[in-house]
Amino acid sequence: MSLFKRSRTQPVPKGCEGLSIRTESSTCTGETVIGFYDPVTRKLLCPELVRSEEDIAAYYRRYGLERGESK
């Protein structure tokens, strides 16, 4: 981690505006992914692998959202 790196929030990706953030875990491998949940297709958009609560908090910070905030 760089000492001089600014943390900037990114805009919510196109097609993900108004969607809620959700985590899903695999029953086979136990891997957990986080992403924007599309209720129509029932899939996660822009998924990322997370390994701890810190990774989940970083995902929310990246897009400037509060945890528990539902859009």
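FYI, it's all coordinate maths here, none of it is from the lab. Please read these numbers as outputs of a predicted model, since none were measured by experiment.
Structure above, values below:
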item	result
J(HN,Hα) series, segment 52-64, from Karplus relation 6.51 cos²θ - 1.76 cosθ + 1.60, nearest Hz, glycine and proline x	8, 5, 4, 5, 5, 4, 5, 5, 5, 4, 4, 9, x
Overall Cα dimensions of the chain - principal axes, largest extent first, Å	39, 29, 19
Estimated [θ] at 222 nm from DSSP helical runs (n ≥ 4, -39500 (n - 2.57)) normalised by residues in the chain, nearest 500	-4000 deg cm²/dmol
